[in-house]
Amino acid sequence: MRVAMIGTGYVGLVSGACFADFGHHVTCIDKDAGKIAMLREGRIPIFEPGLDELVARNCAAGRLDFDTDLTRAVKEAETVFIAVGTPSRRGDGHADLSYVFAAAREIAAVAEGFTVVVTKSTVPVGTGDEVERVIRETRPEADISVVSNPEFLREGAAIEDFKRPDRVVVGTEDPRARSVMAALYRPLSLNQLPLMFTARRTSELIKYAGNAFLAMKITFINEMADLCEQVGANVQDVARGIGLDNRIGAKFLHAGPGYGGSCFPKDTLALTRTAQQVGTPLRIVETVIAVNDVRKLAIARKVEKALGGQVRGRTAAILGLTFKPNTDDMRDSPALSIIHALLDKGMRVRAFDPEGMDEARKVLPAAVEYGTGPYDVAQDADCLVIVTEWDAFRALDFDRMKAILRQPVLVDLRNIYVPDQMAQLGFVYESVGRPVGQ
Ligand code: NAD
């Protein structure tokens, strides 16, 4: 099958490379000429484990190529995916659909024969109807069916998620489109693919409901962590104690600095805007957003507490900048608000991240200094702050750290280490929802 993928970012490139790996012929298209030039030279514009090898293999097999212009690929394709960004619209928090509609217009202008246009971008309920309208306006005679197929992959584990998904949701009321989508995903059926067909609007809403639920779970355990700190309980045991209940499930119950990333913040916000617009406000999701926003700002106080309130002129060594490990994505990372807060408090900030430093430099204030590794940034710092739980920070040599830090202070926002062990090593240790002695 011929596939055109419009938008070659985290979702488009991974999905395109995986479809190619399943044997389809895929052209990934992007307006960003720099990105396409890199890919044509065999370089990968993002960090995603395993992606370089997957892209190289499928390019070599002649199943994957790249273009800045969609004309040829769309003409030949039976399925055209829209995988462009849908960021928060400045000012009101609605999803900005301008990239989606622009792509739809371009597709409509050149499509030939029956073409299934698949919206993979996360879009508010009803967007499929709008995409259809845009296409009809551009080319009334085009034989196009618009389908919703939201993506659930996680950055850092994207290839595995795409190839072995918990479920694939396809929203369409059109039997012709349904059989094309079934054929497209057929190669996954060896893994007993749970392919779920629904109405288009339902499919669009499933994506937002899923992200809102996960954001709520994280926020719930974060508030429990705050309570644990006040009453002398251990949030990790609380999480385990409730997570072993199958009705709750153990995942997404790790207390930390608040959720971030390229999806949860913008998607929860867009969902509440949609709901407000139709007069059915989602109070729980609105509260989740508010609680998380406050948390991201307040979490820097842990550094202040660990340093006995004396932070001005002192140096924080930040370990981890990306919103989670195994990605270079800095969008809405909790590190951004933490670092801003520390700088505002008059601290000097030195930072290290295994993959995110190029992206971090683009979005962090110029005052931030960067080091070459955890021990490099720790040299003469007043405290170590773990913001992202990269493997590289999971087995630090604390004797060495103690020797190079100005004072042995560790703020562990991901609960990697054990409070009692850190106390034995002579560290002032702050974590999330876990008192020393437990
Ligand atoms: P991204 O910013 O990494 O990539 C989007 C790409 O689209 C950019 O490279 C941009 O240049 C390109 N683009 C924009 N308009 C274009 C056009 N008209 N023609 C060609 N290219 C165009 O975004 P992403 O993280 O891949 O997210 C894409 C969508 O998938 C979003 O709606 C997002 O919410 C959703 N999503 C993302 C993830 C994730 O983990 N990143 C997971 C699930 C869903």
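The alpha carbon centroids of region 236-259 and region 145-186 are separated by 28 Å. Please work out the FRET efficiency for the pair R312 and R90, using the Cβ-Cβ distance as r and a Förster radius of 35 Å; give the result to the nearest 0.05. Between R312 and R90 the formula returns 0.55.
Using C-alpha pairs below 8 Å separated by at least 6 residues, the relative contact order for the chain is 12 percent. Available extension along the chain between T287 and D420 is 44.5 nm, counting 0.36 nm per residue and deducting the alpha carbon span.
Among 9-21, 167-179, sorting by the average number of other beta carbon atoms lying within 10 angstrom of each residue, highest first, gives 9-21, 167-179. Taking the Cβ of D332 as the centre, find all other residues whose Cβ is under 10 Å away and add up their charges (Lys, Arg: +1; Asp, Glu: -1). Once all neighbours under 10 Å are counted, the net charge is +2. Name the residue farthest towards the positive end of the dipole of the chain from the options V291, G356, S15, assuming +1 on Cβ of Lys and Arg, -1 on Cβ of Asp and Glu, about the Cα centre. The one lying farthest along the dipole's positive direction is V291. Looking at region 6-80, the GluC sites (Glu not before Pro) that sit in a DSSP loop and have at most 13 other Cβ atoms within 10 Å of their own Cβ are E41. Karplus-based coupling profile of region 418-435, in residue order and whole Hz: 9, x, 5, 5, 5, 5, 4, 6, x, 9, 6, 10, 10, 10, 10, x, 9, x, with θ = phi - 60° in 6.51 cos²θ - 1.76 cosθ + 1.60 and x standing for Gly or Pro. Seen through its C-alpha gyration tensor, with square-root eigenvalues sorted a ≥ b ≥ c, region 192-273 comes out oblate because a/c lies at 1.5 or above while a/b is not bigger than b/c.
Of all aspartates and glutamates in the structure, those lying under 17 Å Cα to Cα from K163, and not within fewer than 8 positions of it along the same chain, are D21, E48, D52, E53, E151, E155.
Which shape class, rounded, prolate or oblate, goes with the chain when its Cα gyration tensor gives a ≥ b ≥ c as root eigenvalues, a/c under 1.5 marks rounded, and past that a/b bigger than b/c marks prolate? Here the chain falls in the prolate category.
Add -39500 (n - 2.57) for each DSSP H run of 4 or more in the chain, then divide by its residues: what number comes out at 222 nm, to the nearest 500 deg cm²/dmol?
-13000 deg cm²/dmol
Within the shell of other residues whose beta carbon sits under 11 angstrom from the beta carbon of L39, the net charge comes to -3, with Lys and Arg scored +1 and Asp and Glu -1. Only one residue of A250, V278, A215 has its Cα farthest out toward the positive end of the dipole of region 208-296, where Lys and Arg carry +1 and Asp and Glu -1 on Cβ, and that residue is V278.
Toward the positive end of the charge dipole of region 2-198, with +1 on the Cβ of Lys and Arg and -1 on the Cβ of Asp and Glu, the farthest Cα among P187, V80, A142 is that of P187. Sorting 262-273, 359-370, 203-214 by their mean Cβ neighbour count within 10 Å, with the most densely packed peptide first, gives 262-273, 203-214, 359-370.
Legend: distances between Cα atoms for K207/K251; K266/K305; K31/K120; K207/K324; pairs beyond 26 Å are K266/K305.
Put simply, when 407-419, 220-232 are sorted by average Cβ atoms within 10 angstrom per residue, most first, you get 407-419, 220-232. Suppose we keep just the DSSP beta bridges with both residues in region 2-198; what percent of those would be antiparallel, to 5? In region 2-198, DSSP labels about 5 percent of beta bridges as antiparallel. Close amide H pairs (under 5 Å, H built 1.01 Å from N) link R89 with H94, A95, D96, residues at least 5 positions away or on another chain.
Database remark: amide H of Y370 closer than 5 angstrom to the amide H of A351 (H placed geometrically; neighbours at sequence offset of 5 or more, or on other chains; Pro and chain starts carry no H).
Put simply, the amide H of C383, placed in the peptide plane, has neighbours under 5 Å in T315, A317, leaving out anything fewer than 5 places away on its chain. Looking at the square roots a ≥ b ≥ c of the eigenvalues of the Cα gyration tensor of region 2-198, which shape do they give, rounded for a/c under 1.5, prolate if a/b is larger than b/c, or oblate? Rounded, because the longest to shortest axis ratio a/c is under 1.5.
Phi angles of region 240-251 translate, via the Karplus equation with coefficients 6.51, -1.76, 1.60 and θ = phi - 60°, into HN-Hα couplings of 5, x, 8, x, 6, 6, 4, 5, 9, x, 7, 7 Hz per residue; Gly and Pro are given as x.
All of the numbers you see were taken from the coordinates with simple rules; none came from a lab. What you see is a predicted model, and the numbers here were worked out from it, not measured in a lab. Glycine gets a Cβ as well: all are built from the backbone with ideal geometry, and neighbour counts include every protein chain shown.
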